[in-house]
Every structure is written in C-alpha cells, then in structure tokens.
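**Student:** One structure, pasted below without further comment.
Taken together, the values in this text are just the output of simple stated rules run on the coordinates, not laboratory data. Predicted, not measured: the structure shown is a model, and the values here were computed from it. Cβ coordinates were reconstructed from backbone atoms using ideal geometry, including for glycine residues, and neighbour counts include every protein chain displayed.
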Amino acid sequence: MNMEDCLKKGLLRAHNFSKETVEKEMENAIRHLDNAERNYEFDMMDVAIVSSYTAMFHAARALLFRDGYKERSHVCLVVFLRERHPETREFAELFDIYRRNRHQSLYGIDYEPLEDDAKAGIDIAREFIDTISGII
C-alpha cells in the first residue's frame, strides 16, 4: 500500500489541525512513554510493549496532524512516515514492527513478550519522539 492508496480508500484524509492539537499529541506520546517505563519496572512486558507502540503512534500522529492529515489506519500512518518523511524511514520500520508486536500482545494466544523487546521498544519510542519533536 502507498500514500495514494491510503488517500483513495479514505484511510488518510486531509484535515486542518491546530498547533495546540499537535502539541497535545506530543504530550500524549510522552505520557504513554512514561507508562511504558512504569510497566517495564513492574515486569509487565506486554503492557510496556503496547504503551511503547502507543507512544510512537501519538508522536507519528502529531507529525501527520501538522502536515494536514488525519488517519483511519495504523498501516497508513506507517506509509505516511515512509513516503512523506524519509528522514524517519528507520523509525517507520521499527514502528511497523512494534505495530505487529502490539497486535500480537493484544490479540495473540501464544505471544510471550520478552524483556529485551519491551526495553528496546521503550528506547526506540524515546528516540522516535525526540526525532519527531525535532521535525515539528
């Protein structure tokens, strides 16, 4: 799927957001990163992974909102990052991996999250948020 497909299918749509909305999305990203860190400390690796992904999701949405779009698809948010912000390409790939990990954590039957995956997710989310903040 590419950005054009996402737009044609209505999974990404043009929309104007205020600067305050973009800032709130970044605040949400930081709040979810804090949640990920706390859950990691309490040995709740699955919740830490979900929270890390959610932190990345809100940071990516802040950039999407700033650029004048809203999303109806997590996949199209990854596509947006890849196509519209090539400087985030490496993070977009990691974001997509954690999107799938989040899905397995929430819906998988045999998914066993590893401590290393949870810790890496937190570190990636922190760097991702810093990168997005720098772009915005």
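**Student:** Name the shape class, rounded, prolate or oblate, that the alpha-carbon gyration tensor gives for the range 67-108, where a ≥ b ≥ c are the square roots of its eigenvalues, rounded holds for a/c under 1.5, and otherwise prolate holds if a/b is larger than b/c and oblate otherwise.
**Tutor:** oblate
**Student:** Suppose the chain between residue 127 and residue 41 were pulled fully straight at 0.36 nm per residue; how much longer would it get relative to their current alpha carbon spacing?
**Tutor:** Using 0.36 nm per residue and subtracting the Cα-Cα distance, I get 29.0 nm.
**Student:** Helix 19-41 versus the longest principal axis of the chain: what is the Cα-based angle in degrees, 0 to 90, to the nearest 10?
**Tutor:** 10
**Student:** Continuing with the same structure: So how far apart, in nm, are the two label points at residue 100 and residue 73 if each is 7 Å from Cα heading toward Cβ?
**Tutor:** Modelled inter-label distance: 1.8 nm.
**Student:** Only Cα pairs within less than 10 Å get springs; with that Gaussian network setup on the chain, which residue of 65, 17, 95 has the largest fluctuation?
**Tutor:** Sorting by GNM fluctuation, first place goes to 17.
**Student:** May I ask for the angle, rounded to the nearest 10°, between helix 45-66 and the longest principal axis of the chain, with both axes built from Cα atoms and the value confined to 0 to 90°?
**Tutor:** For 45-66 against the chain, the angle is about 10 degrees.
**Student:** Any idea what angle helix 115-135 forms with the longest principal axis of the chain, computed on alpha-carbon atoms, 0 to 90 degrees, nearest 10?
**Tutor:** Between helix and principal axis, roughly 30 degrees.
**Student:** Let me ask another. Over the alpha-carbon set of the chain, work out the extent along each principal axis and list the three values in angstrom, largest first.
**Tutor:** Cα spread of the chain along its principal axes, largest to smallest: 40, 29, 22 Å.
**Student:** Give me the one-decimal nm value for the distance between modelled label points at residue 109 and residue 9, 7 Å along each residue's Cα-to-Cβ direction.
**Tutor:** 2.7
**Student:** Using the count of nearby Cβ atoms within 10 Å as a rough guide to exposure, how do 74, 103, 32 rank from fewest to most?
**Tutor:** 103, 74, 32
**Student:** Using the Cα centre of the chain as the reference point, and only Cβ charges (+1 on K/R, -1 on D/E), how large is the resulting charge dipole? Debye, rounded to the nearest 20.
**Tutor:** In total the dipole reaches around 880 debye.
**Student:** May I pose another question? Report the relative contact order of the chain, percent, no decimals, based on alpha-carbon pairs under 8 angstrom and at least 6 residues apart.
**Tutor:** This gives 34 percent for the chain.
**Student:** Follow-up question, since we're still on this one. Test of understanding: ordering 47, 78 by Cβ neighbours within 10 Å, fewest first, what list do you get?
**Tutor:** Going from sparsest to densest Cβ surroundings: 47, 78.
**Student:** Moving to a separate point now. In the range 1-106, which trypsin sites (Lys or Arg not before Pro) fall in coil by DSSP and have 13 or fewer other Cβ atoms within 10 Å?
**Tutor:** Filter output for the range 1-106: 9, 72.
**Student:** Check residue 69: other-chain or 5+ apart residues with amide H under 5 Å from its amide H, H built from backbone geometry?
**Tutor:** 15
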